[in-house]
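Inspection log for the structure reproduced underneath, given as structure tokens.
The values are calculated or read from the model by the stated rules, or taken from the named source; none is laboratory data. Only a predicted model underlies this, so the values are computations on that prediction, with no experimental measurement involved. Please note: Cβ atoms are built from the backbone with ideal geometry, for glycine as well, and neighbour counts cover all protein chains shown.
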Amino acid sequence: MERLPKVALPAIIVGVFAIILIAKSAVTIGSGEAGVLFKTFGEGVVTEEPPMSEGFHLVAPWNKVFIYEVRQQELFEKMKVLSSNGLEIQIDASAWYQPVTNELGNLHQTLGQNYLERVIQPSIRSAARSVVGRYTPEQLYSSKRDAIQDEIFEETKKILDKQYVQLNEVLVRDVTLPNTIKEAIERKLKQEQESLEYEFRLVTASKEAEKVRIEAQGKADANRILNASLSEKILQDKGIDATVKLSESSNTKIIVIGSGESGLPLILGNQ
């Protein structure tokens, strides 16, 4: 076997070293991610510059890059909290969050990559305990779910805005009460509904009776006015007009003048 030339061996060694150096220096940041640069022989975490963006980067081999997901992420939480009267309530909620990309260096320096456990979970749990403690089980079960969802979001957001984390939404998916309390609330709601239906029927019947009374009163007033306006002379004129119209009819008839009541004509048909 021939020996390698003396010049080739150092070149190979340099080439291998270069490949190793490049491999250690190359950093690829994936889609939806950003990188925080740590300078070992410099100022440490770089906070004054924007984080490293997606794609291929070369950094000094003695430096480090910490990669964060900057897309929206979801946290699911099951929490047991106390209502205003001390009953235990279970809340199933989820939070949509993401790190503030431009503050990624500060986030890494103050909280690190496990910021979810360090600040987001404690914040949402604290807010849930505070908010639910303002309401009774009945309010939580029937009418206040949207309210507690909004309040938990607002209280959690106030905390996270100072921690370089962006909270996008809090969703309360379920509120679970003790079975005895839930059944009692359902009975009460059913009784209230039946009471409202009964009151509605009473009001409807009362309005219908008032309508009938008004219509009857109107008819009575109309008849009284009509009777007061009908004199003997008017009635005779009406009778004469009716007699004239009947006499012009093609039906067979006999008209006896002056034989009717009050001197009106008496009309006899063929029947």
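Points worth noting:
- Test: residue in the stretch 84-107 that is acidic (D, E) and either within 22 Å of the chain's Cα centre (by Cα) or part of a strand (DSSP E or B) (or both): yes
- Scanning the stretch 118-150 for residues that are farther than 17 Å from W96 by Cβ and modelled with pLDDT of 90 or more gives R118, P122, S126, R129, S130, V131.
- Identity of the residue in the stretch 24-80, within 16 Å of G105 (Cβ to Cβ) and acidic (D, E), that ends up surrounded by the fewest Cβ atoms within 10 Å (Cβ to Cβ): E48
- From the list A34, A60, the one residue that fits, being over 19 Å from Q113 (Cβ atoms) and either under 29 Å from the mean Cα position of the chain (by Cα) or of a type outside the set (K, R) (or both), is A60.
- Being surrounded by fewer than 16 Cβ atoms within 10 Å (Cβ to Cβ), of a type in the set (S, T, N, Q) and in contact (Cβ under 8 Å) with a residue 24 or more places away in the chain is a description that does not apply to S123.
- Test: residue in the stretch 63-83 that is in a helix (DSSP H, G or I) and among the small types (G, A, S): no
- Put simply, of P51, P61, P99 the only residue that is of a type outside the set (S, T, N, Q), at pLDDT 90 or above and outside the structural domain of D150 (by TED's automatic domain parsing) is P51.
Residue by residue, here is whether (1) assigned by TED's automatic domain parsing to the domain that holds L82; (2) at pLDDT below 95; (3) more than 21 Å from the chain's Cα centre (by Cα); (4) of a type in the set (G, A, S) holds:
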{"residue": "E155", "(1), (2), (3), (4)": "yes, yes, no, no"}
{"residue": "K158", "(1), (2), (3), (4)": "yes, yes, yes, no"}
{"residue": "D161", "(1), (2), (3), (4)": "yes, yes, yes, no"}
{"residue": "Y164", "(1), (2), (3), (4)": "yes, yes, yes, no"}
{"residue": "L171", "(1), (2), (3), (4)": "yes, yes, no, no"}
{"residue": "Q191", "(1), (2), (3), (4)": "no, yes, yes, no"}
